[in-house]
Amino acid sequence: MPLIDLNSDLGESFGAWSMGNDAEVLRHVSSANVACGFHAGDPQVMLATVEAAKTRGVAVGAHPGHPDLVGFGRRTLAVSPDEAYAFTLYQIGAMKAFCHAAGMALQHVKPHGALYNQAAKDPELARAIARAVADAGDLILMGLARSCFESAAAEAAVPFAAEAFADRAYRADGTLVPRKERGAVIHDVPVAVQRVVRMATEGIVEAIDGTLIAFRPHSICLHGDNAEAVEMARAVREGLERAGVAIRPLKEVLR
């Protein structure tokens, strides 16, 4: 039976500002990428999210981003590899501490937003992030399939998990269509389900121009901040299970 992980970016509330429907999304995913306070989240939100994930039996990953609360980490920042290494390691360390306090192990690291997109195309930035993951110890690096993350993980000798997106459109080269462009985000739930099932069973996704891209992801991301987040998470999980695909945390998928 094929296995796949379902992940979502959670813990993105901050102070009095509430974002997403984490409690409901956690019912349908197997791994949670928890914001580490730089692009979103705060210490109380981080702890509460880790504890909620533990209650639901969901594995936890660190979701480090640029130091950009105002821009939600989605603005491209000119950072050096050394800066990226340091602030990624810092955020991983914070999340590891919260996991330790909750009596669970941190499973993986998935960069957020602009940091993710920049590193997917920039070998030096990807290497800096992979080095931080390696130095933090015993973690999986999750990144865009067919990107610089894969070779960087291999160089750093850390396990790599190829990620695909249920609700994002792809270009023919396998990169994501920028959010500012028309059609970048998929809001039609049946379309998203069909795409994910095809990724998991056939290893194919259709790009925005109709090109068929071959890759078989280890994990599918379901964004928790979309209006359709809960409905999409439920439908994607049900669609995969109907197709004979078992949902498991990332560490089990990579065994």
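The values are calculated or read from the model by the stated rules, or taken from the named source; none is laboratory data. What you see is a predicted model, and the numbers here were worked out from it, not measured in a lab. Every residue, glycine among them, receives a Cβ derived from its backbone with ideal geometry; neighbour counts consider all protein chains shown.
Considering only residues that are surrounded by fewer than 21 Cβ atoms within 10 Å (Cβ to Cβ), part of a helix (DSSP H, G or I) and of a type in the set (D, E, K, R), which ones fall in the range 14-58?
Glu24, Glu51, Lys54, Arg56
Could you check, for the range 74-82, whether at least one of its residues is touching a strand residue (DSSP E or B) at 6+ places or on another chain (Cβ under 8 Å) and at pLDDT 95 or above?
Taking every residue of the range 74-82 in turn, none turns out to be touching a strand residue (DSSP E or B) at 6+ places or on another chain (Cβ under 8 Å) and at pLDDT 95 or above.
List the residue pairs whose Cβ atoms are under 8 Å apart, where the first residue sits in the range 139-154 and is touching a residue at least 24 places away in the same chain (Cβ under 8 Å), the second is of a type in the set (Lys, Arg) and surrounded by fewer than 24 Cβ atoms within 10 Å (Cβ to Cβ), and the two are 6 or more positions apart or on different chains.
Ile140/Lys251; Ser147/Lys121; Cys148/Lys121; Ala152/Arg127
Here's the yes/no breakdown for (1) within 28 Å of Ala52 (Cβ to Cβ); (2) touching a Lys or Arg at 6+ places or on another chain (Cβ under 7 Å); (3) buried (at least 19 other Cβ atoms within 10 Å of the Cβ):
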| position | (1), (2), (3) |
| --- | --- |
| Thr88 | yes, no, yes |
| Gln91 | yes, no, yes |
| Ala101 | yes, no, no |
| Val109 | yes, no, yes |
| Tyr116 | yes, no, yes |
| Ala128 | no, no, yes |
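Taking Gly57 as meeting all but one of (1) without any contact (Cβ under 8 Å) to a residue 12 or more places away in the chain; (2) closer than 29 Å to Gly174 by Cα, write down the number of the exception.
Here Gly57 meets the rest and fails (2).
Give the residues of the range 1-19 that are in contact with a Cys (Cβ under 9 Å, 6 or more places away or on another chain) and farther than 19 Å from Ala48 by Cβ, sorted by residue number.
The one that is in contact with a Cys (Cβ under 9 Å, 6 or more places away or on another chain) and farther than 19 Å from Ala48 by Cβ: Leu6.
Which numbered condition trips up Asp82, out of (1) farther than 14 Å from Ala35 by Cα; (2) surrounded by fewer than 20 Cβ atoms within 10 Å (Cβ to Cβ); (3) under 15 Å from the mean Cα position of the chain (by Cα)?
(3)
From the list Gly93, Gly103, which residue is in a helix (DSSP H, G or I) and closer than 27 Å to Arg248 by Cα?
Going through Gly93, Gly103 in turn, just one is in a helix (DSSP H, G or I) and closer than 27 Å to Arg248 by Cα: Gly93.
Tally time: how many residues in the range 75-113 are of a type in the set (Gly, Ala, Ser) and under 17 Å from Phe149 (Cβ atoms)?
Here is the first cut: in the range 75-113, the residues of a type in the set (Gly, Ala, Ser) are 78, 80, 84, 86, 93-94, 97, 101-103, 105, 113.
Still in the running and under 17 Å from Phe149 (Cβ atoms): 84, 113.
Here the count works out to 2.
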